[in-house]
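Participant: The structure's right below; bear with me while I get my questions together.
Since every read-out is calculated from the coordinates, none of them should be taken as a lab result. Worth saying up front: this structure is predicted, and the values here are computed from it rather than measured. Virtual Cβ from ideal backbone geometry, glycine too; neighbours counted across all protein chains shown.
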């Protein structure tokens, strides 16, 4: 089992903040239980090879957030306890009772109170509520397309993350994200690093109809190449070609890099599969060589299917309704 307390000095994130994020997440996932004692500042300093002042700053921040509490002479203990739905309801009803009593003391009738409350609730509902959505995918080509498909949904603040960056530092997906959109391939990993699994929305990707129609029309014996920014995207295109293009001569894929000789790779090819908007993934000279290619250039991308889009639109609508009730 990996240790809970683990920081990375090579990240562009302060060590104290890494420790705050790690402990906060461990507490909310139940890996550190209420009442459990944390290592002392000295012990944590020695364990992580980090200055005591850095550890103290992290503990102070966690105490300010109500995650831990310090007992003089005893140490630092986990304080946070998830609020039960029952306790929330009781607190809400008590707050409403207090408000109604205050309004009654002002001489307002029950009918007037009802009118004013409804007006204020309508104002709140009409405020610019929005849903903060993170899209996570392992390659930039698919990540770009997934994000593009979600931009049309109103009242969504969209953020895109490569899976590699989340694996490096999962705490980028803070608690302020309402929804994490990810393919089924990576859903299990995301569930393992996020404290609240219900925030994850799985979607399915498929080759675009336009891309697929061109691949299907490739003739037997044609020499076909594949180019892309990421190895994973090239692998997906290779699998698609093997499934839908009959008896073509499929060359090994070429990943865009400064040293790649695109001109040499294109020689003798009848068709080449490239990412949609390939210009943003390759050098100017590579883009120029592709534009001058006299064979068939097939623009490829993978997109979320209709069912996934409908599922996300419905989920986002429900989240917005919850925020405006």
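Participant: Just grab the label-to-label distance for residue 291 and residue 37, each label 7 Å out from Cα along the Cβ direction, in nm (one decimal).
Facilitator: 6.9 nm
Participant: For residue 65 paired with residue 164, estimate the spin-label separation in nm (one decimal), with each label point 7 Å from Cα along the Cα-to-Cβ line.
Facilitator: 2.8 nm
Participant: Could you tell me how many degrees, from 0 to 90 and to the nearest 10, lie between the Cα long axis of helix 184-193 and the main elongation axis, the longest principal axis, of the Cα atoms of the chain?
Facilitator: 30 degrees
Participant: OK, next. Comparing 291, 151, 232, which has the greatest mean-square fluctuation in the GNM of the chain with Cα pairs linked when under 10 Å apart?
Facilitator: It is 291.
Participant: When the scattering of region 209-300 is computed by the Debye formula from its Cα atoms alone, each counted once and equally, what is log10 I(q)/I(0) at q = 0.20, 0.22 Å⁻¹?
Facilitator: These q points yield log10 I(q)/I(0) values of -0.90, -1.10.
Participant: Packing-wise, with mean Cβ within 10 Å as the measure, how do 212-224, 265-277 rank, highest first?
Facilitator: 265-277, 212-224
Participant: For residue 148, put the label point 7 Å out on the Cα→Cβ axis and report which residues of region 283-302 keep their amide N under 17 Å from it.
Facilitator: Taking a point 7 Å out along Cα→Cβ of residue 148, the residues of region 283-302 whose backbone N falls under 17 Å are 297-302.
Participant: Distances over 37 Å make up what percent of all Cα-Cα pairs in the chain? Display every interim value, and only then the final one.
Facilitator: Values: 21916 of 52650 pairs.
When every Cα pair of the chain is considered, 42 percent fall beyond 37 Å.
Participant: With a Förster radius of 45 Å, plug the Cβ-Cβ distance of residue 213 and residue 193 into 1/(1 + (r/R0)^6) and report the FRET value to the nearest 0.05.
Facilitator: In this case the efficiency is close to 0.70.
Participant: Suppose R0 equals 45 Å; then what is the FRET efficiency for residue 279 and residue 322 from their Cβ-Cβ distance, rounded to the nearest 0.05?
Facilitator: Details: r = 41 Å, r/R0 = 0.92.
E between residue 279 and residue 322, to the nearest 0.05, is 0.65.
Participant: Relative to the longest principal axis of the C-alpha atoms of the chain, give the angle of the C-alpha long axis of helix 110-126, reported between 0 and 90° and rounded to the nearest 10°.
Facilitator: Once rounded, the angle reads 30 degrees.
Participant: Taking the Cβ-Cβ separation of residue 96 and residue 118 as r and a Förster radius of 22 Å, what is the calculated FRET efficiency to the nearest 0.05?
Facilitator: It comes to 0.95.
Participant: Would you kindly calculate the mean projected area, averaged across all directions, of the convex hull enclosing the Cα atoms of region 185-250, in square nanometres?
Facilitator: 5.7 nm²
Participant: Under a no-solvent Debye model with one identical scatterer per Cα of region 152-210, what's log10 I(q)/I(0) at q = 0.20 Å⁻¹?
Facilitator: Summing over Cα pairs of region 152-210 leads to -0.83.
Participant: Something else about it: Which three lengths, in whole Å and largest first, does region 15-78 cover when its Cα atoms are put on their principal axes?
Facilitator: Rounded to whole Å, the extents work out to 26, 26, 20 Å.
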